[in-house]
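Structure first, then comments.
Values quoted throughout were computed directly from the atomic coordinates according to the rules given, and no laboratory measurement underlies them. All figures in this text were calculated on a predicted structure; none of them were measured in a lab. Ideal geometry is used to build each Cβ from the backbone, glycine not excepted, and the neighbour counts take in all protein chains shown.
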Amino acid sequence: MSAIREKLKLLPDCPGVYIMLDKDGAVIYVGKARVLKNRVRQYFHSSEKPQKVRSMVENVADFSYIVAPTEVDALALENNLIKKYKPKYNILLKDDKTYPYIKVHTREEFPRISVTRRIRKDGKYFGPFMGGVRCKDVIDIAAKVYNIRTCAVAIGQKEKKPCLNYHLHRCLAPCAHLCTREEYAARVEKTLSFLSGNYEEAENILREKMARFAEAEEFELALEYRDKIEMLAKLGRKRITAMPRSVDADIWAYSSNGLYACASVLVTRRGMMQGERNFSLEEGAAEREESFLSFLIQYYSAHELPHEIILGEEMDDGLFRGYAAEKAGRNVEITRPKLGVKKELLDMARRNVKEYLEKSVSVIEHKNDMTKNACARLQKLLGLSRYPNRMECYDISNISGVDKVASMVVFTDGEADKTAYRRFRIRTVEGADDFASLKETLKRRLSKLGTAEEERFPKPQLVVIDGGKGQLSAVKEIFDELGISDIELISLAKREEEIFTLSSEKSVRLERRDYALQMLQRIRDEAHRFAITYFRSLHSKNNLASVLDEIGGIGKQKRVALMAKFGTIDKIMRASEEELASAEGIGRELAARIKRHFEEKL
């Protein structure tokens with residue numbers, strides 16, 4: 001602590017980001033400050049602090065900081081570092097799934113319409129679509145009613161042959177010069193009006209077509225148009241009667257019980273309710289206002305900023321406006337309504353978030369038992385020197401040495417971190433030698449430690465091997481050869497689910513319902529799944545003959561029959577015995593042999 005006190009004296013009185021580290025050098029908290037000197041010193045004063053803050057400070061062994069030109073820059077940097085390190089004591093938005101939008105490519109000479117999840121300044125966007133109605137269905141109506149194109153074919157001087165969409169009356173075929181620029185532009189304007197919420201004309205056209213098909217006794221087509229009319233009615237019901245069509249707003253509510261928190265957002269665009277999202281969170285080691293602001297920054301780093309944010313929470317509005325201006329290049333209005341339809345929407349969001357928190361507490365606690373608490377329990381049970389924040393597990397997949405691949409699966413705080421998964425194609429090993437393949441994989445992966453690439457491939461605290469004591473000892477030889485002594489190594493034997501460590505000759509056996517064991521099973525099974533998925537993607541039908549030749553009783557005719565039935569080796573591998581037996585000339589006995597062969601090899 002004396003070293004920390006000395007560093008506190010050197011803190012500058014300017015904006016920046018501070019990074020708290022534990023005894024292992026792991027980042028456990030990231031925060032931003034208007035004045036670094038004042039903010040960081042507060043943590044180490046003897047004043048009364050919330051439990052989360054006390055717990056974080058007790059685990060701080062060191063800290064670092066980065067000076068920023070302005071507090072807005074510090075806010076953006078804080079967000080980037082939180083995403084990078086996923087610190088234990090920060091409030092984290094783990095579900096950053098983006099929503100689909102409809103994009104009209106207005107910069108093109110003959111604008112097309114498409115679905116996208118990325119917002120740029122190169123067209124007009126409509127959405128987000130958050131459930132109930134799919135972008136694809138709305139685009140289908142626009143194509144059928146206004147004949148706007150949906151393809152990305154380049155349109156130039158050379159005349160092209162009109163495609164099927166033209167003959168189905170879904171496109172005016174500007175690529176074939178079958179319409180003028182003015183005629184097409186008029187259709188684009190009508191499409192933009194339709195996407196803005198003016199559905200009357202589109203509905204009338206759909207009704208006319210439905211009646212025409214019904215009169216011609218083409219009832220399937222008539223039913224198709226009836227479904228599209230019903231979808232327009234569903235879109236119309238999203239209209240908020242008292243809300244002006246010019247309003248683009250997100251309505252936020254936030255609720256906390258001191259340990260867990262939830263956030264809820266109602267999304268309105270052009271006066272229409274697009275949908276709602278709820279988020280379960282763990283409270284971070286920061287004041288409520290700072291936590292909420294940090295959460296919003298994480299959310300809007302992946303989503304479109306509306307023109308207005310409606311909320312009841314207090315936060316640093318000026319700081320958020322500064323961030324929004326830099327990100328979106330325009331002002332974002334922040335309002336806390338007292339009356340009217342906006343207040344009613346805010347009350348709705350508040351009711352939603354309180355109800356969601358009540359329902360989510362047990363879910364969050366159960367999730368923590370299966371993830372963070374399982375990691376802590378594993379550390380205690382196995383006598384690991386460090387909390388296994390980052391765990392890596394490897395698996396090899398091949399059939400008789402063909403298309404050898406390896407997978408690396410990563411769990412962070414007991415949860416699958418799919419952005420960190422890696423796949424390896426084995427380069428140097430001849431034949432089906434799984435240990436040699438694993439050795440190559442580990443050498444390639446661990447060789448990145450201590451290099452510039454360690455930024456992308458951080459050092460794990462724990463490596464999990466699928467196997468028993470023999471496999472563990474063999475992998476330990478690789479670690480010794482590479483001079484690695486600061487990464488824990490364990491193995492999990494599949495039959496009895498025994499855990500082997502380097503510190504004891506005896507295995508550790510946990511009850512099947514133990515969350516620590518279940519976490520190890522999840523990472524092992526995920527590594528196996530990921531390896532097989534990669535193997536199957538590489539194992540094209542060109543390898544069909546060599547793979548099936550290993551199974552007695554399969555000649556050229558039966559290979560052709562299997563390929564005619566399933567199309568790819570991947571589908572043959574995944575087929576059931578019944579499905580295999582239904583292929584011409586295969587039969588039940590041979591189907592059982594094929595199925596058994598692939599199960600043994602994979």
For the cross-link pairs 83/327; 144/238; 367/418; 83/342, which exceed 25 Å when the distance is taken from alpha carbon to alpha carbon? 83/342
Classify the chain: rounded, prolate or oblate, from the alpha-carbon gyration tensor (a ≥ b ≥ c, eigenvalue square roots; a/c under 1.5 rounded; otherwise prolate if a/b is larger than b/c)? oblate
Pairs 234/359; 439/459; 23/52; 97/228; 136/190: which exceed 25 Å Cα-Cα? 234/359; 97/228
Work out from phi, with θ = phi - 60° and the Karplus expression 6.51 cos²θ - 1.76 cosθ + 1.60, the ³J(HN,Hα) of each residue of region 264-279, listed in order in whole Hz, and give x for Gly and Pro. 9, 10, 9, 9, 10, 9, 6, x, 10, 6, 7, x, 9, 9, 10, 10
Expressed in nanometres to one decimal, the distance between label points 7 Å along Cα→Cβ at residue 316 and residue 58 is 2.9 nm
Cα pairs beyond 21 Å in region 38-117, in percent, come to 56 percent
Within the set 448/476; 372/448; 94/494; 7/86, which residue pairs have Cα atoms separated by over 20 Å? 372/448; 94/494; 7/86
Roughly speaking, what is the centre-to-centre gap between region 21-78 and region 378-452 when only Cα atoms are used, to the nearest Å? 34 Å
Gain in span if fully extended, residue 178 to residue 366, counting 0.36 nm per residue against the direct Cα distance: 61.5 nm
In range of the label at residue 44: residues from region 274-300 whose backbone nitrogen is under 16 Å from the point 7 Å along Cα→Cβ: none
With the Cα gyration tensor of region 238-351 giving a ≥ b ≥ c as the square roots of its eigenvalues, does the rule (a/c under 1.5 for rounded; else a/b larger than b/c for prolate; else oblate) give rounded, prolate or oblate? oblate
So, R0 is 35 Å and r is the distance between the beta-carbons of residue 418 and residue 347; what FRET efficiency does that work out to, to 0.05? 0.40
So residue 84 and residue 481, fully extended at 0.36 nm per residue minus their Cα-Cα distance, gain in nm 139.8 nm
Let me see the pair-distance distribution of region 342-411: every alpha carbon pair, 10 Å bin width, integer percents in order. 16, 22, 21, 21, 13, 6, 1
Going through region 95-140, which trypsin sites (Lys or Arg not before Pro) have at most 16 other Cβ atoms within 10 Å and a DSSP loop state? 97, 107, 117, 118, 120, 121, 134
By the gyration tensor of its Cα atoms, with a ≥ b ≥ c the square roots of the eigenvalues, what is the shape of region 148-240: rounded for a/c under 1.5, prolate for a/b over b/c, or oblate? oblate
How would you rank 154-166, 31-43, highest first, on the average number of other Cβ atoms within 10 Å across their residues? 31-43, 154-166
Pair residue 354, residue 335: separation of 7 Å Cα→Cβ label points (nm): 2.3 nm
So which helices of the chain fit the span-like rule, where a helix is a whole DSSP H run, its Cα atoms reach 27 Å or more along the axis, and its mean Kyte-Doolittle is at least -1.0? 340-370, 515-538
Mind checking the dipole of region 78-139: about its Cα centre, +1 per Lys or Arg Cβ, -1 per Asp or Glu Cβ, Debye to the nearest 20? 240 debye
Simple spin-label estimate for residue 186/residue 136, 7 Å along Cα→Cβ, in nm, reads 3.3 nm
